[in-house]
1. Looking only at the stretch A:29-72, filter to residues that are polar (S, T, N, Q) and surrounded by 21 or more Cβ atoms within 10 Å (Cβ to Cβ); which one of those is farthest from A:Gly15 (Cα to Cα)?
2. With respect to A:Leu196, is the statement that it is over 28 Å from A:Ser122 (Cα atoms) and out of contact with any Lys or Arg (no Cβ under 9 Å at 6 or more places or on another chain) true?
3. Would you check which residues across the stretch B:183-233 are among the small types (Gly, Ala, Ser) and either under 15 Å from the mean Cα position of the chain (by Cα) or crowded, with 21+ Cβ neighbours inside 10 Å (or both) and list them?
4. Based on what the data block shows, is A:Ile187 in contact (Cβ under 8 Å) with a residue 12 or more places away in the chain, buried (at least 22 other Cβ atoms within 10 Å of the Cβ) and closer than 25 Å to B:Ala237 by Cβ?
5. So which helices (runs of 4 or more DSSP H) stay within the stretch B:235-320 end to end and still have 3 or more residues that are within 18 Å of B:Ile154 (Cβ to Cβ)?
6. Against the conditions (1) away from every other protein chain (no Cβ under 14 Å); (2) closer than 21 Å to B:Gln95 by Cα, where does B:Arg289 fall short? Just the number, please.
7. Any idea which of (1) touching a residue at least 12 places away in the same chain (Cβ under 8 Å); (2) part of a helix (DSSP H, G or I); (3) closer than 23 Å to B:Ala218 by Cβ is the one B:Val69 doesn't satisfy?
8. Could you run through the stretch A:149-184 and say how many residues are touching a Gly at 6+ places or on another chain (Cβ under 7 Å), surrounded by fewer than 17 Cβ atoms within 10 Å (Cβ to Cβ) and more than 23 Å from A:Ile73 (Cβ to Cβ)?
Amino acid sequence: MVTTLRLEDLGTRYGRTEVVSGVSTPVLTGGDVIAVIGPNAAGKSSLFKRVAGLAKGSGKVHVETANYSRNTICYMPQDTGSNAVLSVYESVILAAKQGSSLRVQTDELARIDDILAALRISDLAARNLGELSGGQRQLVAIAQTLVREPEILLMDEPTSALDLHRQMEVLSFMRDIAKRQKIIVLIAIHDLNHALQYCDHAMAIRDGRMVAFGKCANVIDRDLLRDVYQVDGHVERNSLGHPHVVLRGPITGSSHTVEYLSERIAAQ
Amino acid sequence: MISDQTTVMAGSAHYRARSLRRILILSGMTIALFLSFAVDLATGPANYPLADVIFALLNPSDASDQLRVVIWEIRMPVALMALTVGAALSTAGAQMQTILANPLASPFTLGISAAAGFGAALALVLGVAILPAFVEFIIPINAFLMAMATALIIHFFSRMRGVTVETIVLLGIALVFTFNALLALLQYLASEQALAAVVFWTMGSLVKATWSKVAITAIAVAIALPLFTRQAWALTALRLGDAKAESFGVNVQSLRLKTMLLVSMLAAIPVSFVGTIGFIGLVGPHIARMLVGEDQRFFLPASVLCGALILSATSVLSKLLIPGAILPIGVITALVGVPFFFSLIFASRRKSW
């Protein structure tokens, strides 16, 4: 049975502020990779937490799966870092073993070895969490998520601290896993060209509402850039024949735009 | 070279080796604890030869009355009290540090001990019973209730929005000063006799140990440890931050409250029986962390063993430093323990916290 996910009129509050409201999607099926795009503080993280059941609110999350468990929907939060005296390997065990026995089985160890190898971070296994760089922490967080064998995976900016090579590596790796293991993967992502390249669908969020949903190439266009991101740009075919976002600059007069731009610059 | 080795070794192999080493460390600590306990029983102002002590332990009915009373009625409760109080305080400190994400958290630094001291002084000086029903246990009950209330104040304060790790420590310091000031006020008002009792109480001494106090402390530890063990993965996950722990499916709020309640009990009971013994609750878990890391499956037993071992060894020291006298143990833990702790910190290459 292929896992499906459908969001119906989903909403949530932070304190008294409504941060997500009225988000409904068509049925998503195992293997779909969906880019969740939108400016900072648009409500992407809150939406993920609502879907994962970590935030209460209105609406319904419809999940169909062969066997529902605490790991069916996994949310990978944005990286916060930790000074715990735990090795990378231990922190991945920790993710795998929540709610189960204290004893760690041999096959579980082997699975963790495999995941670390697949993410090419086997050499970090014995390192303490406090010694990792931001990018390394993100890769460890991905390992912590994958080890739980989710069927629906919500990744909150999993590539923000990675270098270009690692970003593309991780995204193609996630796409590959999604297709092979029929996982629904939602990725909050800022780089629209990466969204175009690695995701099937895009869900655009602004001010807590879903303003567009569809094939990436249909969602990401001049209007979206202007209305959601307040940037002047368009999408054209590049020399490889793929759609490609070309940005001219921020549309002035909005503080929001300036904030976004400065972050892009910082990210570069 | 170590770095080359780790890249060659699979993560699981490294993990297995590390786990084995931790089990060895825990075993070593257990053996050291037994030795320390034995030495604790064998030493005291009445200088019995070791053979006599062993004889009295093995055949209590055949030993002379005096020897039996010294070993079974005086030394044994004190030695066992050292183990149970050390274990309770260290465990309390370990879990406080875990749930408050704060290396400075301990019953002593957060004012719980000071609150207990004030509660005890209320009874000693003014005869005020917070729970009037149990007048014969007025001192420990007062101390316990004050300690419990303080722990809960800290817990609820720590859950308020915008409260950081630093503000919790500041609150703890504020509580320490407040209770110490209130205590000083009581001392100022106290009769000479009551004053002496308060001073002795606040110094912390195992000499007050009795079998029933040992039993109650042991029961508290016996209740808390299995509950903590069941939550070992979740408690360890807390150290990755709330957001991460929640994403792993841990109910962070509920886990914190339950843990804090158990911790309050673990911190309050020993303090209410033996007075203020600082340092163990802070340092026991730190030493445990240096030795075995923060996987609670190892960290929890290591904290228990560390606390018990430190207090047991200190109990021995308190009898040896001035022959014929037993110094208040709370004084020794600080005087001897602090330099020992610093030497460990500087000797330890690995960053712990």
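1. A:Ser45
2. Judged against the criteria, A:Leu196 is a match.
3. Matches in the stretch B:183-233: B:Gly204, B:Ser205, B:Ala209, B:Ala218, B:Ala220, B:Ala222, B:Ala224.
4. Against the criterion (in contact (Cβ under 8 Å) with a residue 12 or more places away in the chain, buried (at least 22 other Cβ atoms within 10 Å of the Cβ) and closer than 25 Å to B:Ala237 by Cβ), A:Ile187 qualifies.
5. Hits in the stretch B:235-320: B:252-274, B:280-292.
6. Tallying (1) away from every other protein chain (no Cβ under 14 Å); (2) closer than 21 Å to B:Gln95 by Cα, B:Arg289 fails exactly one: (1).
7. So the condition that B:Val69 fails would be (1).
8. Residues that pass the stated criteria total 1.
The values are calculated or read from the model by the stated rules, or taken from the named source; none is laboratory data. Every value quoted in this text rests on a predicted model; they were computed, and no experiment measured them. In this analysis, Cβ positions are derived from the backbone assuming ideal geometry, glycine residues included, and neighbour counts consider all displayed protein chains.
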